[in-house]
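K.L.:
I am attaching a structure below and will ask some questions about it afterwards.
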Amino acid sequence: MTFQTKTAQHVAEELNGELFGEKEISISDVTHDSRQAKKGTLFVAIRGLTMDGHRFVEDVMRRNAAGVISELDPPEDFEGVWLQVPDARLALAKAAAVIHGDPSNELKLVGITGTNGKTTTTYLILALAEANNEKSAMLTTVEYRIGSESQPAVRTTPEASDTQRFLREAVKKGCEMAVMETSSQAIHLRRCDWLNFKVAVFTNLSRDHLDYHHTMENYFDAKKELFDGRLGTTPDSSVINVDDEWGQKLAAELKEQSQRVVTFAQNTSADLTAEEIEVSLIKGTSFLLKTPEGDCRITSPLVGKPHVYNMLSATAAALELGYDLERIQKGLESCVGAPGRFERVTHDGDFAVVVDYAHSDDALFNTLKTARELTEGRIITVFGCGGDRDKTKRRPMGEIAGEYSDLIVITSDNPRTEDPLEIISEIESGLKETGSPYLTISDRREAIHQAVSRARTGDVVIIAGKGHETYQIIGGDKFHFDDREIAKEALENLET
């Protein structure tokens, strides 16, 4: 399907904005980033928490941009198109959909939200689409991918203009399905408005991002917007984890609105369930998958019961997309998941080393609980907490690490502008209550080396918090740092 280039008048009518300047000028793109401005582009001047986009108006016009979308009146001497709107963020989302011709209408679009499991579920759904011979696109914390073409992710959920441009490119390159993570902050900042989701998935909700949302109720409400129509569209189907108390609440509220809800669970009655679950650090995970379309046994390389939830949600979404159950089974059994999600660092030793992205108390609990179920030896846990982020999870993460580990090494994550030792002290306050032995080593490389050097036969070393990330942020500087590389380095040192 092709779409026509829009005029400034057309965009103004769709946004219900007041237009100043040439009405018939052609508009081919919209952006919030002044560096992307070019001929035919509308620049949306957003007043953020730390930056005011109006500072860049002169710069974008020097770049031959068509004009500006703003909540303010146009300057007296402004030359070009000026579109005044009540809400610049809403305008960015709507204008992007209009200018790029609503590409989500031409795709089977799946949106995934929740505290944990979003990235792995995204990879699983992509694998199920490919198993059903559909060319697909993906937006995740790790990467942005169209077919076999991939680039590193800039953020979990891009700005609305970047997403609409990406989806248009996906359609242009022959994709039939797209799947994306939708973070609570992105939803709150209107980055997901005017995306037409065929399926929306709720994985779970636990404490995270309270520095931004302040309360769990606010956090839940932001997630709920993906499902209840406040984004300008309503998904055809909602797939919800009803083992989660917030998921139960969401499912009940959506059913009251007569929406289609598909539930999944391990411990509760649901549309999709898993039985006879067996987990091995060597063999992966097997279980009996029970669905409305029939039952089948799954043997997956993914390790742990949390991944069973991910496979249940992916299967539910895939069935809603009309995929064949037999091909779903093959897709689940071939997918190795997302990088840095309970990722085993291979070596010839007689103990295991696992890198995991767990950076909240609930995620750390799930990771350590999985490790405890899989090992007869000790659990040695290396972790820290990010600076300039939610402080309320630091003490609980210390408590959980102490309860489920035999030795803990508290270290730095991305301390950013905070003092690493102060962050460690806050984690320590929870850890001390458990009485578990621990070390504090602020240098993350040294912490990993120490943990690996102390491992013995049958132990599991868990390196938590950064997962797939290949950097560390200290102060204002960003350095290359990959937990998997450092773990391999530490393992090689043992052999010398």
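K.L.:
With the requirement that a residue be under 20 Å from the mean Cα position of the chain (by Cα) and either closer than 24 Å to F365 by Cβ or assigned to a loop (DSSP other than H, G, I, E, B) (or both), what does region 473-496 give you? Full working, then the answer.
P.N.:
The first filter runs over region 473-496 and keeps only residues under 20 Å from the mean Cα position of the chain (by Cα), leaving 473, 482-483.
Within region 473-496, D482, D483 meet the criteria.
K.L.:
Only one residue in R145, R165 is in contact with an Asp or Glu (Cβ under 8 Å, 6 or more places away or on another chain) and farther than 18 Å from L226 by Cα. Which one? Walk me through it before giving the result.
P.N.:
On the way: R145 fails: in contact with an Asp or Glu (Cβ under 8 Å, 6 or more places away or on another chain).
Testing whether each residue is in contact with an Asp or Glu (Cβ under 8 Å, 6 or more places away or on another chain) and farther than 18 Å from L226 by Cα leaves just R165.
K.L.:
Oh, and also: Check region 239-259 and report whether any residue there is outside any loop (DSSP other than H, G, I, E, B), in contact (Cβ under 8 Å) with a residue 12 or more places away in the chain and more than 25 Å from the chain's Cα centre (by Cα).
P.N.:
No, region 239-259 contains no residue that is outside any loop (DSSP other than H, G, I, E, B), in contact (Cβ under 8 Å) with a residue 12 or more places away in the chain and more than 25 Å from the chain's Cα centre (by Cα).
K.L.:
Return the pair list, or none, for Cβ contacts closer than 8 Å from residues in region 358-380 that are touching a residue at least 12 places away in the same chain (Cβ under 8 Å) and closer than 16 Å to G467 by Cβ to residues that are among the small types (G, A, S) and part of a helix (DSSP H, G or I), at least 6 apart or on different chains.
P.N.:
L364/A401; L368/A401
K.L.:
For I125, indicate whether it is of a type in the set (A, V, I, L, M, F, W, C) and either in contact with a His (Cβ under 8 Å, 6 or more places away or on another chain) or closer than 29 Å to A338 by Cα (or both).
P.N.:
Yes.
K.L.:
Which ones in region 421-448 are crowded, with 21+ Cβ neighbours inside 10 Å and in contact with an Asp or Glu (Cβ under 9 Å, 6 or more places away or on another chain)?
P.N.:
Narrowing region 421-448 to residues crowded, with 21+ Cβ neighbours inside 10 Å: 423-424, 427, 431, 444, 447-448.
Across region 421-448, the qualifying residues are I423, L431, R444, I448.
K.L.:
Here is a follow-up. State yes or no: is V262 touching a Phe, Trp or Tyr at 6+ places or on another chain (Cβ under 7 Å) and not basic (K, R)?
P.N.:
Values: touching a Phe, Trp or Tyr at 6+ places or on another chain (Cβ under 7 Å): no; not basic (K, R): yes.
Answer is no for this residue.
K.L.:
Do you know which of the residues in region 10-32 that are within 21 Å of R89 (Cβ to Cβ) and β-branched (V, I, T) is surrounded by the most Cβ atoms within 10 Å (Cβ to Cβ)?
P.N.:
V30
K.L.:
Looking only at residues that are closer than 23 Å to V199 by Cα and small (G, A, S) in region 260-306, which one is farthest from the chain's Cα centre (by Cα)?
P.N.:
Among them, the one singled out is G294.
K.L.:
If you take the residues of region 444-472 that are among the β-branched types (V, I, T) and outside any loop (DSSP other than H, G, I, E, B), which of them is farthest from D406 (Cα to Cα)?
P.N.:
As a first pass, look at region 444-472 and keep what is among the β-branched types (V, I, T): 448, 452, 457, 460-463, 470.
Applying the additional criterion that residues be outside any loop (DSSP other than H, G, I, E, B) yields 448, 452, 460-463.
On the way: I448: 16, V452: 14, V460: 10, V461: 10, I462: 11, I463: 14 Å.
Residue satisfying both the conditions and the ranking: I448.
K.L.:
For residues that are over 10 Å from the mean Cα position of the chain (by Cα) and either outside the structural domain of K330 (by TED's automatic domain parsing) or not in a loop (DSSP other than H, G, I, E, B) (or both), tally how many sit in region 112-142.
P.N.:
In the first step, residues of region 112-142 are kept if they are over 10 Å from the mean Cα position of the chain (by Cα); the result is 123-138.
Pick out the ones that are also either outside the structural domain of K330 (by TED's automatic domain parsing) or not in a loop (DSSP other than H, G, I, E, B) (or both) and you get 123-131, 136-138.
Number satisfying all stated conditions: 12.
K.L.:
Please indicate, with yes or no, whether at least one residue in region 334-343 is on the phi < 0 side of the Ramachandran plot, surrounded by fewer than 20 Cβ atoms within 10 Å (Cβ to Cβ) and acidic (D, E).
P.N.:
no
K.L.:
Please identify the pairs in which a residue from region 182-205 that is closer than 7 Å to T113 by Cβ has its Cβ atom under 7 Å from the Cβ atom of a residue that is in a loop (DSSP other than H, G, I, E, B) and hydrophobic (A, V, I, L, M, F, W, C), counting only partners at least 6 apart or on another chain.
P.N.:
Close Cβ pairs satisfying both conditions: T182/C192.
K.L.:
Would it be correct to say that E159 is within 14 Å of the chain's Cα centre (by Cα), farther than 24 Å from A363 by Cα and surrounded by 22 or more Cβ atoms within 10 Å (Cβ to Cβ)?
P.N.:
Numbers: within 14 Å of the chain's Cα centre (by Cα): yes; farther than 24 Å from A363 by Cα: yes; surrounded by 22 or more Cβ atoms within 10 Å (Cβ to Cβ): yes.
When the stated conditions are applied, E159 passes them.
K.L.:
Restricted to region 449-472, and to residues that are within 29 Å of the chain's Cα centre (by Cα) and of a type in the set (S, T, N, Q), which residue is surrounded by the fewest Cβ atoms within 10 Å (Cβ to Cβ)?
P.N.:
Ranking the qualifying residues of region 449-472, first place goes to T470.
K.L.:
Determine whether region 56-64 contains at least one residue that is in contact with a strand residue (DSSP E or B) (Cβ under 6 Å, 6 or more places away or on another chain) and surrounded by 21 or more Cβ atoms within 10 Å (Cβ to Cβ).
P.N.:
Of the residues in region 56-64, the ones in contact with a strand residue (DSSP E or B) (Cβ under 6 Å, 6 or more places away or on another chain) are 57, 60, 64.
Checking the rest, the ones that are also surrounded by 21 or more Cβ atoms within 10 Å (Cβ to Cβ) come to 57, 60.
Yes: region 56-64 contains one or more residues that are in contact with a strand residue (DSSP E or B) (Cβ under 6 Å, 6 or more places away or on another chain) and surrounded by 21 or more Cβ atoms within 10 Å (Cβ to Cβ).
A quick yes/no check of all residues on (1) in a loop (DSSP other than H, G, I, E, B); (2) under 29 Å from the mean Cα position of the chain (by Cα):
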site: N414; (1), (2): yes, yes
site: E422; (1), (2): no, yes
site: S429; (1), (2): no, no
site: K432; (1), (2): no, no
site: S442; (1), (2): yes, yes
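K.L.:
Turning to a different aspect of this structure: Here's a check for you: in region 26-40, which residue that is of a type outside the set (G, A, S) and over 17 Å from P158 (Cβ atoms) is farthest from the chain's Cα centre (by Cα)? Explain how you work it out, then say what you get.
P.N.:
Residues of region 26-40 that are of a type outside the set (G, A, S), as a first pass: 27, 29-33, 35-36, 38-39.
Within this subset, residues satisfying the condition of being over 17 Å from P158 (Cβ atoms) are 27, 38-39.
On the way: I27: 31, K38: 30, K39: 33 Å.
Result: K39.
K.L.:
Mind checking which residues of region 329-350 are in a loop (DSSP other than H, G, I, E, B) and of a type in the set (S, T, N, Q)? Write out each step before concluding.
P.N.:
If we filter region 329-350 for residues that are in a loop (DSSP other than H, G, I, E, B), which is where we start, we get 335-342, 345-350.
Hit for region 329-350 is T346, nothing else.
K.L.:
Applying the selection to region 285-328, what residues are touching a residue at least 24 places away in the same chain (Cβ under 8 Å) and part of a loop (DSSP other than H, G, I, E, B)?
P.N.:
P292, E293, P301, L302, V303, G304, L321, Y323, D324
K.L.:
Please indicate, with yes or no, whether at least one residue in region 70-80 is over 30 Å from D361 (Cβ atoms), buried (at least 21 other Cβ atoms within 10 Å of the Cβ) and more than 22 Å from the chain's Cα centre (by Cα). If you could, list the steps in order and put the result at the bottom.
P.N.:
The initial filter retains those residues of region 70-80 that are over 30 Å from D361 (Cβ atoms), namely 70-80.
Narrowing further to those that are buried (at least 21 other Cβ atoms within 10 Å of the Cβ): 70.
Subsequent filtering for residues that are more than 22 Å from the chain's Cα centre (by Cα) retains 70.
Scanning region 70-80 turns up at least one residue that is over 30 Å from D361 (Cβ atoms), buried (at least 21 other Cβ atoms within 10 Å of the Cβ) and more than 22 Å from the chain's Cα centre (by Cα).
The values are calculated or read from the model by the stated rules, or taken from the named source; none is laboratory data. If you're wondering where the values come from, they're calculated on a predicted model, not measured in any experiment. Virtual Cβ from ideal backbone geometry, glycine too; neighbours counted across all protein chains shown.
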